[in-house]
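For reference, the structure is listed below as structure tokens.
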Amino acid sequence: MTNDALKPGAWPSPVAAALIAKGGLRLAQPSICAGKILWLEGRAAEKGRTVLVGLERADHPRDLTPAPFNVRSGAQEYGGGVYCSDGTATWFVNYEDNRIYELRGDGTARPINQESRRRFADLCHDPKRERLIAVSEDHSHDGEAVTTVVAIALADGKLTTLAQGADFYSSPRIDATGGRLAWLAWNHPDMPWDASTLYVCDDLDRDGSLSGVAVAGGTGKSIFQPDWGADGCLYFMSDCSNWWNLQRWNGTGIDKLMDEQADCGFGQWLFGMSTWGFIDDHRILCCGARAGTWSLAIVDILGRNTRWLDLPFNTIEHVATARGRAVLIAASATQVLSVIDLDVDALTWRTLRESNHFDIDSTWISTARALSFPSGNNDQAHAFYYPPQHAEIIAEDVAPPLLVKCHGGPTAHADAGLDWRIQFWTSRGFAVLDVNYRGSTGFGRQYREKLYGEWGVADVEDAVNAARYLVDQGLADPARLAISGGSAGGFTVLCALTFGRVFKAGASLYGVSDLESLLKDTHKFEARYLDKLVGPWPESRALFRRRSPLHNTGQLSCPIIFMQGLRDRVVTPDQSERMAAALRDKGLPVLYISFADEGHGFRDARNIATALEAELYFYSRIFGFTAPGISFSRTIENMDT
């Protein structure tokens, strides 16, 4: 095939939006229980329903929770930690009624508690007292939800409050003897990656609320994923050295077990996140990000040394372990996020489930190239660059259109694993730049804190300077620069388009346009998030307005497509609606698409496909090319009329 009449961006591609959406799975929370591997699958083909899946060693995966069960929690809106198992019994949270169910061997499930306005997460089994321990978020009264650690009796569902008084709790973990409980707590205005405290209580048989002793963390320190070892010590990740590294509380003090320039923890957006686990009494398998790229390591507890493993995985989202074995959610440059069963000593593995499977040759795949570039305040920022890649077309000697992607959070990260949503663009002739702007995780605490007080400034500078860097290298066409992001990434997009002139088009998916409205309308978990990212409220009200695109629409001169779920409680629909109206009033090309049954992020296959095709269609109209194989077509206001 020749490319005489094919502009980059208009290349025909087998990477279809409908295929990406139809087979797409959200894989999460794997575990190993008595030889059985369990994991969760969020299925776009079932309107986002999440199913608990089980696999015996020589068996095929099978669904354990039938429809209409939806194994998901609304706690902190993002959920997580929604099931636990002791190998014979399994308990899970059902999203629709906020009840906890016990899964029976015949595939049926019985509720163990009454329907209520409580949301449960981070389930932990307490076999000694025949109960579950969990985080409870109580929405039964006016005002902010009340978060506690509770026990739920398996026999009758009776609730007992174990820990209360803090604004937030997570990670309740009971030791092997059943005698001690550990948990994390933090308070407004901190997020768990800002400051969190690790508590231990050794009086679990006491009636009523427990009294915990703080053993690690506190102001300026973040603790991640505590758990008990066979030696009776409490292990956890701490960022007190700038990097989330492994430490141990031995009952009297703290031992440092790692000294690596690697982030071995995540921003705790979800309950139940895991980066490490024991593979025997003296070794721990963990994952860590070094310069933003993830890999696995073995920590020798006795020798206090860390050995990084030579494996192809560059993205790791979850680690669960048993003796000599691990199950991961991981990806590589040529494999999508998958459930991986790993023999740790032999370093062999098998893939149990892929998040998406395409019968497309690897010659279509554009692999990520990590790069760093100069940005504001004499800082370096980071990104993954994907060049255009086509199996049959040799690119012309011209710079391609560029799509700059801004991840959400903003305390989150972009990674380098194979993602067909990125290949959707590169296989059509776009270059893609996935930016880890200042504030991203995976580069140490100091890098995260560079966004303190600078949200809407530092992240925007990094997105803009990333695009300029590629233009200067001859890798992007300055006349065809687009920027896209969702949620907090959508805020970065709208700021870049409002306060700058580098990008020529943009896409905001459920993005923030008004910081003041975000404070008033958002949920408890993020209610004080902006205190550090922007400034304390209401003292910084004037700054909030200066940073908000909605209050500065007079500076807008760029076409934008908006996509929004109407059930979104994190970034409410009016954030997109009012911004779209402002562009409409200014006479700028604008396309607003709403999805009636979606919340924060799109789960239904039809909507996922529509979002991809609509964004490409929008850029094709703005940049003047025809995108083949795209069925989406809709009137763009102020352009088609």
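The values are calculated or read from the model by the stated rules, or taken from the named source; none is laboratory data. Worth saying up front: this structure is predicted, and the values here are computed from it rather than measured. All Cβ positions, glycine included, derive from the backbone under ideal geometry; neighbour counts span all protein chains shown. Protein only, heavy atoms only, side chains kept; ligands, DNA and RNA dropped before computing areas. Shrake-Rupley method; radii C 1.70, N 1.55, O 1.52, S 1.80 Å.
Would you please name the residue that is most open to solvent (accessible area, probe 1.4 Å), looking only at residues in the range 354-410 that are among the hydrophobic types (A, V, I, L, M, F, W, C) and either over 19 Å from GLN473 (Cα atoms) or touching a His at 6+ places or on another chain (Cβ under 6 Å) (or both)? Among them, the one singled out is ILE394. Any residue at all in the range 284-291 that is touching a helix residue (DSSP H, G or I) at 6+ places or on another chain (Cβ under 9 Å) and either surrounded by fewer than 19 Cβ atoms within 10 Å (Cβ to Cβ) or within 23 Å of GLY444 (Cβ to Cβ) (or both)? There is no residue in the range 284-291 that is touching a helix residue (DSSP H, G or I) at 6+ places or on another chain (Cβ under 9 Å) and either surrounded by fewer than 19 Cβ atoms within 10 Å (Cβ to Cβ) or within 23 Å of GLY444 (Cβ to Cβ) (or both).
Residues of the range 450-508 that are open to solvent by less than 10 Å² (accessible area, probe 1.4 Å), assigned to a strand (DSSP E or B) and of a type outside the set (A, V, I, L, M, F, W, C): SER484, GLY485, GLY506, SER508.
Residues in the range 312-352 that are acidic (Asp, Glu) and over 21 Å from ALA21 (Cα atoms) were compared, and the one that is farthest from the chain's Cα centre (by Cα) is ASP345.
Go through ILE622, ILE608 for me and flag whichever is touching a residue at least 60 places away in the same chain (Cβ under 8 Å), under 25 Å from the mean Cα position of the chain (by Cα) and open to solvent by 30 Å² or more (accessible area, probe 1.4 Å).
After applying the criteria, what remains is ILE608.
Summed over the range 145-174, residues that are open to solvent by 50 Å² or more (accessible area, probe 1.4 Å), within 29 Å of the chain's Cα centre (by Cα) and aliphatic (A, V, I, L, M) total 1.
Look at LEU616 and say whether it is within 17 Å of GLY486 (Cα to Cα), open to solvent by 20 Å² or more (accessible area, probe 1.4 Å) and in a helix (DSSP H, G or I).
Here the answer is no, as LEU616 does not meet what is asked.
Go through the residues of the range 50-65 one by one and say whether even a single one is open to solvent by less than 40 Å² (accessible area, probe 1.4 Å), modelled with pLDDT of 90 or more and touching a Ser or Thr at 6+ places or on another chain (Cβ under 6 Å). The answer is yes; a qualifying residue exists.
Condition (residue is of a type in the set (Gly, Ala, Ser), open to solvent by 10 Å² or more (accessible area, probe 1.4 Å), in contact (Cβ under 8 Å) with a residue 24 or more places away in the chain and not in a loop (DSSP other than H, G, I, E, B)) applied to the range 570-586: is it met by at least one residue?
Yes, because at least one residue in the range 570-586 is of a type in the set (Gly, Ala, Ser), open to solvent by 10 Å² or more (accessible area, probe 1.4 Å), in contact (Cβ under 8 Å) with a residue 24 or more places away in the chain and not in a loop (DSSP other than H, G, I, E, B).
Restricting the range 86-108 to residues that are at pLDDT 95 or above and closer than 13 Å to GLY54 by Cβ leaves a set whose member that is most open to solvent (accessible area, probe 1.4 Å) is THR90.
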